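Everything below concerns the one structure shown next.
Throughout, read-outs are computed from the coordinates displayed, never taken from laboratory work. These figures come from a predicted structure and were not determined experimentally. Cβ placement follows ideal geometry from the backbone for every residue including glycine, while neighbour counts extend to all protein chains displayed.
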Amino acid sequence: MPPFTIDWQEIQSGFLHLLVAFLLNAIIGWNREEEEHNIGIRSFPIVGMASCTYMLLGAGAPQVLQGLITGIGFVGGGAILKDGLTIKGTATAASVWSAGAIGAAVAMNRFGLATILTLLSMLCTTSGGTCLW
C-alpha cells in the first residue's frame, strides 16, 4: 500500500458535511451582520465548520463533543461584556454555542436537527435581538 492514498469518497463526504455546516451557519451570521452585531457572517460559518471537522475527525466520540462544548463555551464567554450595570453579548455567546452545535449535528448526519436549530436560532436573533414570537 502506498504511503499516501486519496480516498475520494471521504473527501466528497467531508466536503458535503462542511458545505452544509457552512451554509446553515452563514444564514445566522448574515442575519446577525444585518442586525449590526459584532460577530457575524465570517465567524459563524467558521465556528460551524470547525465544529463539524472536529466531530468528523473524532468520529462522533463523546470526548470530542465534550471538549467542543467546553471550548466553544469559552470562546462565547469572551463575547460577554459588562459595562457598569449593563451586560451585553449574552445572545452572541449563545449564538456561537449554537453554531458549534449545528456543525456537530451536521457531522453526525443529523441534518434535520441542524436545520431546525438554524431556524430557531434565526428566530431568536432577529428584530433587534428579540425573539420574533
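Quick notes on this structure:
- Think of the chain as a dipole: +1 on every Lys or Arg Cβ, -1 on every Asp or Glu Cβ, centred on the Cα centre; then among 64, 9, 105, 64 lies furthest on the positive end.
- Difference of contour (0.36 nm per residue) and Cα-Cα distance, residue 30 to residue 61: 8.1 nm
- Between the listed residues 92, 30, 49, the Cα displaced farthest toward the positive end of the dipole of the chain, a dipole computed from Cβ unit charges relative to the Cα centre, is found at 92.
- Model label sites at residue 15 and residue 111, defined 7 Å from Cα along the beta-carbon direction, differ in position by 1.6 nm.
- Dipole magnitude of the chain about its Cα centre (Cβ charges: Lys, Arg +1; Asp, Glu -1), debye to nearest 20: 220 debye
- Compactness check for the chain: Cα Rg over 2.2 N^0.38 Å is 1.14.
- Residue-count net charge about residue 44 - beta-carbon cut-off 13 Å; Lys, Arg +1, Asp, Glu -1: -1
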